Amino acid sequence: MKNNLYRAAKEYIDIIEKIEKTSDRETLQLLEEKRIELHWKFIDLLKKQGIKFKDRDHATRIALRIANGEL
């Protein structure tokens, strides 16, 4: 399960980074839709692991730390 959490966090952070680097409106829309999907996948895994989070920003910070190997 830990590997799944890492993979979900990594995918979530990667898509956020792509969004930050993209200026094309159509591509941004597609990336944002994917980000939402990956966000809820990551949130579900956090809940299954019993990891508490306050809000979306907090969950994103947790994902960043997991993706960077800090947690």
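Please report, ordered by residue number, the helices (runs of 4 or more DSSP H) entirely within the chain with at least 1 residues that are at positive phi and more than 14 Å from the chain's Cα centre (by Cα). Step through it out loud before you land on a result.
Values: elements: 2-21, 25-49, 56-67.
Fully inside the chain and qualifying: nothing.
Would you pick out the residues in the stretch 22-50 that are exposed (fewer than 14 other Cβ atoms within 10 Å of the Cβ), among the β-branched types (Val, Ile, Thr) and under 17 Å from residue 5 (Cα atoms)?
Passing the criteria: only 36.
Given (1) surrounded by fewer than 13 Cβ atoms within 10 Å (Cβ to Cβ); (2) modelled with pLDDT under 95; (3) not basic (Lys, Arg), where does residue 71 come up short, assuming only one miss?
(1)
The values are calculated or read from the model by the stated rules, or taken from the named source; none is laboratory data. Predicted, not measured: the structure shown is a model, and the values here were computed from it. Note that we place each Cβ from the backbone using ideal geometry, even for glycine, and neighbour counts take in every protein chain shown.
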